[in-house]
Amino acid sequence: MDWKGRDVISVRDFSKEDIEFVLKVAERLETELNEKGSLDYAKGKILATLFFEPSTRTRLSFESAMHRLGGSVIGFSSAASTSVKKGESLADTIKTVEQYSDVIVMRHPMEGAARLAAEVAEIPVINAGDGSNQHPTQTLLDLYTIKRAFGKIDGLTIGLLGDLKYGRTVHSLAEALAFYDVELYLISPELLRMPKHIIEELREKGVKVHETTDLEGAIPELDVLYVTRIQRERFPDEQEYLKVKGSYQVNCSVLKNAKETLKVMHPLPRVDEIHPEVDKTEHALYFRQVFSGVPVRMALLGLTLGVLEGV
Amino acid sequence: MAELKVTAIKEGTVIDHIPAGKGLKVIEILRLNRPNGGVLLLASNVHSGKLGRKDIVKVEGRFLSEEEVNKIALIAPTATVNIVRDYKVSEKFKVEVPDEITGILRCANPNCVSNHEYTVSKFYVVSREPLKVRCHYCERTMEGDEILRNL
Ligand SMILES: Nc1ncnc2c1ncn2[C@@H]1O[C@H](COP(=O)(O)OP(=O)(O)OP(=O)(O)O)[C@@H](O)[C@H]1O
Ligand SMILES: [Mg+2]
Ligand SMILES: [Zn+2]
């Protein structure tokens, strides 16, 4: 598959073959990295990380991935210190940065910014979040984590919990899971149900979808429980919010009827939607999920740079 | 036939069955009002069997292609286009909503990059009945009135 020069902007641009290919390359890189300690595929290549909006995890994991591939990194982690403050256009910033680098990773507060950057740049652009729109590398690392934990994605029953109405992470993940033969439990308060059009799309693609407000009722069915945060701002009053928050906290008591093999995931940062007592159980997969960010981003950097011949 | 007499053109394009009141917008979208262009005629609020009232736009010396004319499909889905040669209608076609709409629609999402940086707007048609489009940049969809308000 020819990935050299390709942009990674939206899950919508991916076919199932694309996804499978990235996951396979990530797995090979992870194995090789474990054997050798460090790699040199991207030696002499420079990654520019343009974070117009702060992020710890995503930026650090991209930087770590580039270093582990033997490349180097330049960039900024807030727009405040750049010419953007002087009114420079995004297009000009991108055209400038590409003179200094071989691949761009960008996070921007506006929806569509990564698409625009990719149109302007000759070098590949990887979207690390554009406003509330897309965060495709998160979706890929979520899929990778599931695949590594179960050896497959097909045949699994997956619960998505939390803010399913506004959460871009769960929307993208659900859309990507639709490529697979999975059963989905959409678990959320009434107010934060998954948008109808996404559910319709999932059903059209043959996904068996159950909508429920009852977390404990769904638990015994699940192989994976993907937890996301419910934000205070979504609720008209404090009372309602507290009620919902209480009934969706994942703790050992909620998990008592779970399959022994159930894995709990979370895109992090978490606040109190997963109790720390879950961390030391076999169910906790969220730190492993954080780790997955590195091989997946190594794969994407290496593929778009075109330096992974032989992997 | 009185209407035809005063507004007959020899060679050009007649856009008929435009919803009443949208004729000017059609002229604007298709940029028919060029300084050195041919005669341009707009008839507004003409009686029509099908529409009650309609607008008609006639432009001399220009033969609009189907592709060009499809740009008006969003505001004038009922329009028919007549190519006139030697005073006679030589070709007739209906406008069709194209697969992609570039440059004429604004994205309704205030946080879309297309509303802040220099871009040519672009939308993909997700469904025609009812009309639904997706922004190339922010990926949000727009339908119905929201589309008309942003033309
Ligand atoms: N030479 C011309 N100059 C200007 N307008 C013309 C000319 N010939 C036709 N038209 C206009 O073009 C439109 C289409 O003409 P046509 O003779 O096909 O009418 P029609 O049979 O009513 O068509 P339709 O079924 O599309 O309504 C009418 O609005 C008519 O007035
Ligand atoms: Mg007629
Ligand atoms: Zn948009």
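Only the coordinates and a few stated rules stand behind these numbers; no lab work does. Being a predicted model, the structure only gives us computed values, none of them experimental. Methodologically, a virtual Cβ is constructed for each residue, glycine included, from the backbone with ideal geometry; neighbour enumeration extends over all protein chains shown.
Worth a mention:
- Across all directions, the average projected area of the convex hull around the alpha carbons of the protein assembly as shown is 27.8 nm².
- Between A:Lys196 and A:Val311, full extension at 0.36 nm per residue minus the direct alpha carbon distance yields a gain of 37.3 nm.
- Placing +1 on each Lys and Arg Cβ and -1 on each Asp and Glu Cβ, with no other charges, gives segment A:265-311 a dipole about its Cα centre of roughly 160 debye.
- Average beta carbon contacts from partner chains per residue of B:115-127, 10 Å cutoff: 3
- Comparing B:Gly49, A:Leu186, A:Thr261 along the charge dipole axis of the protein assembly as shown, the residue lying farthest to the positive side is B:Gly49, per the Cβ-charge model.
- Choice from B:Val89, B:Val14, B:Val120 showing the highest fluctuation, given a GNM over chain B with Cα pairs closer than 10 Å: B:Val120
- Listed by chain and number, the lysines whose alpha-carbon sits under 18 Å from that of A:Lys256, ignoring those within fewer than 8 places in the same chain, are A:Lys280.
- Our note on the geometry: Cα centres of segment A:70-116 and segment B:1-73, 46 Å apart.
- When the pairs A:Lys24/A:Lys205; A:Lys16/A:Lys245; A:Lys4/B:Lys71; A:Lys205/A:Lys243 are compared against a 26 Å limit on Cα-Cα distance, A:Lys16/A:Lys245; A:Lys4/B:Lys71; A:Lys205/A:Lys243 fall above it.
- Computed about the Cα centre, the dipole magnitude for the protein assembly as shown is approximately 1100 debye when only Lys and Arg (+1) and Asp and Glu (-1) carry charge, each at its Cβ.
- Sequence of A:Asp130, B:Asp99 once ranked by neighbouring C-beta atoms within 10 Å, starting from the fewest: B:Asp99, A:Asp130
- Between B:Val26, B:Gly103, B:Ser121, the Cα set farthest toward the positive side of the dipole of segment B:13-149 (charges on each charged residue's Cβ, about the Cα centre) is that of B:Val26.
- Across chain A, the relative contact order, built from alpha-carbon pairs under 8 Å that are at least six residues apart, equals 21 percent.
- Cα pair distances of segment A:48-97 binned at 10 Å [whole percent]: 24, 48, 25, 2
- Rounded to the nearest 5, the antiparallel percentage of DSSP beta bridges internal to chain A is 0%.
- Unsatisfied cross-links (Cα-Cα over 28 Å) in the set B:Lys22/B:Lys94; B:Lys22/B:Lys88; A:Lys196/B:Lys94: A:Lys196/B:Lys94
- With each label modelled as a point 7 angstrom along the Cα→C-beta vector, the A:Glu233-B:Glu129 pair spans 4.1 nm.
- Inter-chain shielding of A:129-140 (mean C-beta neighbours from other protein chains, 10 Å cut-off): 2
- Cα centroid separation - segment B:79-93 against segment A:265-284, whole Å: 69 Å
- Cα lying deepest toward the dipole's positive end in segment A:43-136, options A:Met110, A:Leu69, A:Phe52, charges on Cβ: A:Leu69
- Note that chain B carries a Kirkwood radius of 16.3 Å, evaluated over its alpha carbons pair by pair.
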